[in-house]
Each structure stands twice: as structure tokens, then as C-alpha cells.
Amino acid sequence: MSTAFSLDNRLKLCAAYVRQGSKLADIGTDHAYLPVWLCRIGRISRAIAADINPEPLKRGQSTVAQAELSGVIETRLSDGLANIDGTEADDIVIAGMGGELIAKIISDWKYSRDSSKRFILQPMTKSEVLIRRLTENGFKILSQDCCTASKKCYTVLLVQYTGERPVTDETYFYIGGLSPKTNSTHLRFIEEELERLSKMAAGDVRFAALAERIREKVYDKNK
Ligand SMILES: C[S@@+](CC[C@H](N)C(=O)[O-])C[C@H]1O[C@@H](n2cnc3c(N)ncnc32)[C@H](O)[C@@H]1O
């Protein structure tokens, strides 16, 4: 195999959640680094690398061809999961897009409510909107982790449909499945969200109250 690249920490975190032997769909694949890397380490044996735009898809095709994996990784034009059949993917990665777009892609796919599917989601923005929509629609966060890459902090969610809609308050959409009391990277991610809320509080004081409630949960040892 001739292509030499390594995954950044963000995509490594996504890769860690992919199940051994699963059929992967990487939505918004761009260079197709993730499916190629997962095939190389033997985690998966089949993948669809999909993108809505022809140019990124061409980059993906080139990575796949150079890695001599065209027989097992199919590149496909697709708006979200629109061109992916339910039989074609067990684990679906949607990384590097905004939280609202990721939520829409999941809600538009008719197979999303199949609880054998797992979604691995890496929102670049608005993770709280994504978590709210997932929770309201019966998707459960099985695990959530954070990493730093290029001096920024990112979060990745592992999600599955269960149909349960737990009663949550708004702080949950910011804290989700993170463990800020024991994990400093999780804490850093939440602190960056709190900073964002503080800026928004200048225009709407309700954000200040929300930030305070999140701080209470994160820093109060009894909660
Ligand atoms: C920033 S890149 C992320 C690439 C890679 N997933 C990563 O995380 O490094 C976002 C990619 O998503 C694609 N994209 C945006 N909207 C999409 C949609 N609705 N369906 C499929 N792909 C989409 C873009 O064309 C682009 O290639």
C-alpha cells in the first residue's frame, strides 16, 4: 500500500468506536482517510465512503485507489444517508459537520431507528443541539469522549436508537455522556462551551443562568 497518512486525534476517536467486523458508512468522507485506515488495521472489511460533493469524493477515490482498496471501499455520491440502504451499514460515522446538519441527516434516514445500527458523531459546532434532537427522538448516548487536535477540543458521541426519551434538563445537552469530574479533556470541552454561553449571555441573560446551572453540576461534588 502506497498512501502514507495518519488519522488526526478526532478521527482516531471516531475509529475507536467502530465495531470489529462491522460494515461502515462514512458520511462526508472527503479524503476517505477513516475507512482506509480502518481497513488497513483489519477492523472492518467493507465500507462505503460517501460525500455530497464530487470534488471531495474524487479525493476519497484517489486515497482508496492508492491504498488498493477499491474492491472493499465503495465511494458514493450521497446527500447524507439518502443513497445508503439499511443493509449496507452497521456503523455510521458522520464527522466534521455542524451538529444541526448531523441531526438532520440522522432524522432523514428511514433506517436510523433500527437499534442494531450505531452512529459515531463528531459535531464541529452546536453539539448541544445535536444531543437535544437525539434525546428527544429516542437516541441514547452510549458513550462520549473528547480529544484535542490542532489545539482545539472536540467531542465524539457513540449513539444508538432505543426509543427511550428520558426526562432531562437543558444542562444535559451540554454535559451529555461526558465525565468532567474525572476527565480533564471532558472538563476542557465543557469549559469551552461555558465560555461560549458567557459570550451569548451578553445578548440574553437566560444563557448566564444556564451556564450557572451547568457549573453547579460540573463542580459540585454532590451532584
Ligand atoms: C470538513 S469535511 C469532513 C471530512 C471528514 N469526515 C473529517 O471529519 O475529517 C466535511 C465533508 O462533508 C461533506 N458534506 C457536507 N454536507 C454533506 C451532506 N449533507 N452529505 C454528505 N456529505 C456532506 C463535505 O462535502 C465535506 O467533504
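None of the figures in this text is laboratory data; all of them are computed from the coordinates on show. Note that the structure is predicted; figures quoted are calculated from it, not measured. Please note: Cβ atoms are built from the backbone with ideal geometry, for glycine as well, and neighbour counts cover all protein chains shown.
Among the trypsin sites (Lys or Arg not before Pro) in the range 1-78, those placed in a DSSP loop whose Cβ has at most 14 other Cβ atoms within 10 Å are 19. Amide hydrogen proximity for residue 76: with H placed 1.01 Å from N in the peptide plane, the residues at 5 or more positions away or on another chain lying under 5 Å are 49, 50, 51. When shorter helices are ignored and each DSSP H run of at least 4 residues is given -39500 (n - 2.57), the per-residue value for the chain at 222 nm works out to -11500 deg cm²/dmol. Eigenvalues of the alpha-carbon gyration tensor of the chain, scaled by 5 and square-rooted, set the equivalent ellipsoid semi-axes at 32, 18, 15 angstrom, largest first. Rounded to the nearest 5, the antiparallel percentage of DSSP beta bridges internal to the range 61-194 is 70%. Looking at the range 27-118, the GluC sites (Glu not before Pro) that sit in a DSSP loop and have at most 13 other Cβ atoms within 10 Å of their own Cβ are 68. Pairs exceeding a 23 Å alpha-carbon distance, out of 12/152; 152/181; 117/140: none at all. A simple rule links phi to the HN-Hα coupling: the Karplus curve 6.51 cos²θ - 1.76 cosθ + 1.60 with θ = phi - 60°, which for the range 185-192 gives 6, 5, 4, 4, 4, 5, 5, 5 Hz, with x for Gly and Pro.
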